[in-house]
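Asks: Starting off with a structure, shown below.
The values are calculated or read from the model by the stated rules, or taken from the named source; none is laboratory data. Since this is a predicted model, take the numbers as computed values, not measurements. With ideal geometry, Cβ positions are generated from the backbone for all residues, glycine too; neighbour counts draw on all protein chains shown. What goes into the accessible areas is simple: the full protein's heavy atoms, side chains included, and nothing from ligands, DNA or RNA. Shrake-Rupley method; radii C 1.70, N 1.55, O 1.52, S 1.80 Å.
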Amino acid sequence: MSKPVSQRPPAVADMKTAADLLNVLPETTEIIDGHLVIGGVDMVALAHEAGTALYVMDEQTIVTQLRDYVKWTRYHWDEVDIVYAGKAFLCRTMAELVQREGCCLDVSSGGELAIALSAGFDSANIYVHGNNKTDTELIECLEAGVGRIVVDSFEELERLSTLAVERGIVQPVLVRVTPGIEADTHDYIRTGAEDSKFGFGLNQGFALEAVKRTVALEGLDYEGLHIHIGSQIYALQSFSEAIRTIVAFIAEIQREVGVETRLLDTGGGLGVAYGVPDEPATIQEYGKVVIDDIKEECAKHGLPVPRMAVEPGRSIVANAGVTLYTVGVIKEIPGVRTYVSVDGGMSDNIRTSLYDAHYEALIANKADRPRTTTATVAGKHCESGDIVVSDGPLQEAEVGDILCVCATGAYAQSLSNNYNKQVRPGVVWVKEGQWRWVVRRETYDDLLRCDVFDKVQ
């Protein structure tokens, strides 16, 4: 069971001034001899051995989150698929772990599908997303035998039907519905409103027409519906409102089209703690609201309860991960701010620059000292907006310190880039005092590999 963050006990008796960060750090976090230790591995020693910038993921925290989703959704209904959203963080080791824990996988591109298949993931347990899937990607999905394709447009329905018929395949599909729900989250990660590039609008009648066409087209098997109202949602009533709307639509489908909706996928979106004050709902609370609400709404409409699916991504891996940097230049501007520059930035974590995401940071080699200063952690890139942490509490920093940014397990490595031709950090997993590479650090040779060099004549 995932305990509310305010009740989570420290890993050692006295966490001193790092105690306020327990809700954003991995569950195995300890302070030993003043150093930050995760998964039994000293982060300072790891940084010196493996180099920085470096993504670090705690395997135990990932496993706990996956198992809690299985426990607290299937506690309320046996037939629930936990579909890990690979866009949050994906590599072959992660895919293998998801499969080992009896969960499904959500992929949103041919590349994510290729990684999953390379890891030996059972294609029947793969859900495929994307608002603009290419013919190549659809063919790859059909030939791999993926379990479900979530369709986003009428044009996609027609193309998928043609491609399936050509291959003698009947492909199960979910129709993605935009329910018109304004989730309480950032505009950039709100996806359930009517003005969205995703899905078929419910209020305009497009969703019902999409179901009718799916049922009529050859090569397609209408299995059910998919919704996703956004990400980083704290207010569980947003999910309740979406469920009331979508179950009413299922009843309309039954009346108007005469087909049963066998699967309802409610997407993901459960928020996580990025800052000390954050108090997201627990997985237990989320599971009860989503599963029980679906059952109750189905009973009101006289409908059989469908198989269900939820798609957690961020809440599986965000707090399992940290990023380690080495402090370089420190620039104090009296009366303005102090900049602590690190050997990374918007190339390995673009979320702060992209939509002003908030993070907590600490000095890993001074983890038992109070965070008494205020500093802005800046990256090394040629942009004024290259900021990782804006005006946050930090221990007194010195050149050469190992700085740790918390809760970077989701949408940091997966959104990483090579701006300024910076090589992307590797990913290390820690467990029981051991560490291992799951994604190696890029090299300059990697930067040159796709560069076709033809000297000017």
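Asks: Within the bounds of the range 407-422, is there any residue that is modelled with pLDDT of 95 or more, farther than 20 Å from Gly328 by Cβ, open to solvent by 100 Å² or more (accessible area, probe 1.4 Å) and within 25 Å of the chain's Cα centre (by Cα)? Outline the logic, then answer.
Replies: Within the range 407-422, the subset modelled with pLDDT of 95 or more is 407-422.
Keeping just the survivors that are farther than 20 Å from Gly328 by Cβ gives 407, 409-411, 413-415, 417.
When the remaining residues are screened for being open to solvent by 100 Å² or more (accessible area, probe 1.4 Å), the result is none.
No - not one qualifying residue is present in the range 407-422.
Asks: Checking the structure you have, find out if any residue of the range 124-132 is part of a helix (DSSP H, G or I) and buried (at least 17 other Cβ atoms within 10 Å of the Cβ). Let's see the steps before the verdict.
Replies: Filtering the range 124-132 for residues part of a helix (DSSP H, G or I) gives 124-125.
Now restrict to residues that are buried (at least 17 other Cβ atoms within 10 Å of the Cβ): 125.
So far as the range 124-132 goes, yes, one or more of its residues are part of a helix (DSSP H, G or I) and buried (at least 17 other Cβ atoms within 10 Å of the Cβ).
Asks: Also, quick follow-up: Can you report the number of residues in the range 67-98 which are closer than 20 Å to Ser123 by Cβ, of a type outside the set (Val, Ile, Thr) and assigned to a helix (DSSP H, G or I)?
Replies: 5
Asks: Could I ask something else about it? Go through (1) among the acidic types (Asp, Glu); (2) under 15 Å from Leu415 (Cα atoms); (3) open to solvent by 40 Å² or more (accessible area, probe 1.4 Å) for Asp391 and report which single condition fails.
Replies: (2)
Asks: So, one more: For residues that are among the acidic types (Asp, Glu) and open to solvent by 60 Å² or more (accessible area, probe 1.4 Å), scanning just the range 278-293, find the one that is farthest from Thr261 (Cα to Cα). Spell out the reasoning first.
Replies: Start the filter on the range 278-293 by keeping residues that are among the acidic types (Asp, Glu), which leaves 278-279, 285, 292-293.
Those left that are additionally open to solvent by 60 Å² or more (accessible area, probe 1.4 Å): 279, 285.
On the way: Glu279: 35, Glu285: 26 Å.
Per the criteria, the residue is Glu279.
Asks: Against the definition (out of contact with any strand residue (DSSP E or B) (no Cβ under 9 Å at 6 or more places or on another chain), farther than 16 Å from Ile82 by Cα and among the β-branched types (Val, Ile, Thr)), how does Val257 come out, yes or no? Lay out the reasoning, then the answer.
Replies: On the way: out of contact with any strand residue (DSSP E or B) (no Cβ under 9 Å at 6 or more places or on another chain): no; farther than 16 Å from Ile82 by Cα: yes; among the β-branched types (Val, Ile, Thr): yes.
In short, no.
Asks: Going through the range 423-434 one residue at a time, which ones are open to solvent by 10 Å² or more (accessible area, probe 1.4 Å) and small (Gly, Ala, Ser)?
Replies: Correct list: Gly433 only.
Asks: Do you know which residues across the range 111-122 are surrounded by 18 or more Cβ atoms within 10 Å (Cβ to Cβ) and in contact with a helix residue (DSSP H, G or I) (Cβ under 7 Å, 6 or more places away or on another chain)? Spell out how you get there, then give the answer.
Replies: Quick first cut of the range 111-122, residues surrounded by 18 or more Cβ atoms within 10 Å (Cβ to Cβ) only: 112-113, 115-117, 119, 121.
Once the filter is applied, which keeps residues that are surrounded by 18 or more Cβ atoms within 10 Å (Cβ to Cβ) and in contact with a helix residue (DSSP H, G or I) (Cβ under 7 Å, 6 or more places away or on another chain), the range 111-122 yields Leu113, Ile115, Ala116, Leu117, Ala119, Phe121.
Asks: Within the range 141-159, how many residues turn out to be among the acidic types (Asp, Glu), out of contact with any Phe, Trp or Tyr (no Cβ under 8 Å at 6 or more places or on another chain) and surrounded by 18 or more Cβ atoms within 10 Å (Cβ to Cβ)?
Replies: Quick first cut of the range 141-159, residues among the acidic types (Asp, Glu) only: 143, 152, 155-156, 158.
Those still in the list that are out of contact with any Phe, Trp or Tyr (no Cβ under 8 Å at 6 or more places or on another chain) too: 143, 155-156, 158.
When the remaining residues are screened for being surrounded by 18 or more Cβ atoms within 10 Å (Cβ to Cβ), the result is 156.
Count: 1.
Asks: Still on this structure, please answer the following. I need the full set of residues from the range 77-110 which are open to solvent by 20 Å² or more (accessible area, probe 1.4 Å), within 19 Å of Ile283 (Cα to Cα), touching a residue at least 60 places away in the same chain (Cβ under 8 Å) and out of contact with any Lys or Arg (no Cβ under 6 Å at 6 or more places or on another chain), in order please.
Replies: Within the range 77-110, just Trp77 meets the criteria.
Asks: Which of the residues belonging to the range 294-333 are open to solvent by less than 70 Å² (accessible area, probe 1.4 Å), acidic (Asp, Glu) and either touching a Phe, Trp or Tyr at 6+ places or on another chain (Cβ under 6 Å) or more than 30 Å from Ser414 (Cβ to Cβ) (or both)?
Replies: Taking the range 294-333 and keeping what is open to solvent by less than 70 Å² (accessible area, probe 1.4 Å), we get 294-295, 297-298, 302-303, 305-306, 308-328, 330, 333.
With acidic (Asp, Glu) added as a condition, the list becomes 297, 311.
Residue satisfying the conditions is Glu297 alone.
Asks: Please note which strands (runs of 3 or more DSSP E) are completely contained in the range 292-371 and include at least 2 residues that are β-branched (Val, Ile, Thr), under 28 Å from Trp429 (Cα atoms) and in contact (Cβ under 8 Å) with a residue 40 or more places away in the chain. Steps first, please.
Replies: On the way: elements: 307-310, 321-333, 337-342, 361-363.
Of the strands (runs of 3 or more DSSP E) lying wholly inside the range 292-371, those with at least 2 residues that are β-branched (Val, Ile, Thr), under 28 Å from Trp429 (Cα atoms) and in contact (Cβ under 8 Å) with a residue 40 or more places away in the chain span 321-333, 337-342.
Asks: Can you list residue pairs whose Cβ atoms sit under 6 Å apart, with the first residue in the range 403-423 being farther than 10 Å from Val317 by Cβ and the second being hydroxyl-bearing (Ser, Thr, Tyr)? Count only pairs 6 or more apart in sequence or on different chains.
Replies: Leu403/Tyr325; Val405/Thr323; Val405/Tyr359; Asn417/Ser347; Tyr419/Ser347; Gln422/Ser347
Asks: Ok, one more. Report yes if Gly192 is over 19 Å from the mean Cα position of the chain (by Cα), surrounded by 24 or more Cβ atoms within 10 Å (Cβ to Cβ) and at pLDDT below 95, otherwise no. Step through it out loud before you land on a result.
Replies: Details: over 19 Å from the mean Cα position of the chain (by Cα): no; surrounded by 24 or more Cβ atoms within 10 Å (Cβ to Cβ): yes; at pLDDT below 95: yes.
The answer is no for Gly192.
Asks: Among what's in the range 365-386 and is under 25 Å from the mean Cα position of the chain (by Cα) and among the small types (Gly, Ala, Ser), pick the residue that is modelled with the lowest pLDDT.
Replies: This residue is Gly385.
Yes/no matrix, rows are residues, columns are (1) basic (Lys, Arg); (2) under 15 Å from Cys404 (Cβ atoms); (3) not in a strand (DSSP E or B):
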position	(1), (2), (3)
Val24	no, yes, yes
Thr28	no, yes, yes
Leu36	no, yes, no
Ala45	no, yes, yes
Glu49	no, no, yes
Val56	no, yes, no
Val63	no, no, yes
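Asks: Specify the residue that is nearest to Tyr359 (Cα to Cα); the eligible residues are those in the range 252-275 that are among the hydrophobic types (A, V, I, L, M, F, W, C) and surrounded by 17 or more Cβ atoms within 10 Å (Cβ to Cβ). Spell out how you get there, then give the answer.
Replies: Looking only at the range 252-275, we keep the residues that are among the hydrophobic types (A, V, I, L, M, F, W, C), and these are 253, 257, 259, 263-264, 270, 272-273.
The next check asks that each one be surrounded by 17 or more Cβ atoms within 10 Å (Cβ to Cβ); those that pass are 253, 263-264, 270, 272-273.
Numbers: Ile253: 44, Leu263: 37, Leu264: 34, Leu270: 18, Val272: 12, Ala273: 9 Å.
Only one residue tops the list, namely Ala273.
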